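Following: one structure in structure tokens, then a few remarks.
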């Protein structure tokens, strides 16, 4: 299979794994049914956000080639395809972490897959704001990176204009 957006290469296991993920997901929810535009990665405590999604398909990570189920409490490990209002989305309900011993290539795999499914925007959530002593639980903040260009044939991402801009919501 050749996936638009990445150069197919039987010699590149990262590309092969991404293609297998996309092929599996599209077999369950083809682009004619839903082509997601926004990916939302849910961190700890936000798994119930899926209650706001009109769900077309819910797929356990354990069923998707290349996906690893999370082990951190509160990370359910499901890929949800659906709509939030009129916006087609893919919701990653939980994730794996680099600090758990996974490679960055493996950690980035679900977001790269979302990009290949058609997502042009990603919303990442986490509890990093808790590192600021002026913030309390449930405070919201945003961090803006204007551009991320995933290099799918390598295990790194290139960012531009990542000035560590942080602004409260």
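The values are calculated or read from the model by the stated rules, or taken from the named source; none is laboratory data. Bear in mind that the values here come from a model prediction, so they are computed numbers and not experimental data. Glycine also receives a Cβ, built like all others from the backbone with ideal geometry; neighbour counts cover every protein chain displayed.
Some values worked out for this structure:
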item: Answer from 16, 23 - the residue that is in a helix (DSSP H, G or I) and free of Cβ contacts under 8 Å to residues at least 12 places away in the same chain; result: 16
item: Wholly within region 60-169, strands (runs of 3 or more DSSP E) carrying at least 2 residues that are closer than 30 Å to residue 27 by Cα and at pLDDT 90 or above; result: 78-84, 87-93, 121-124
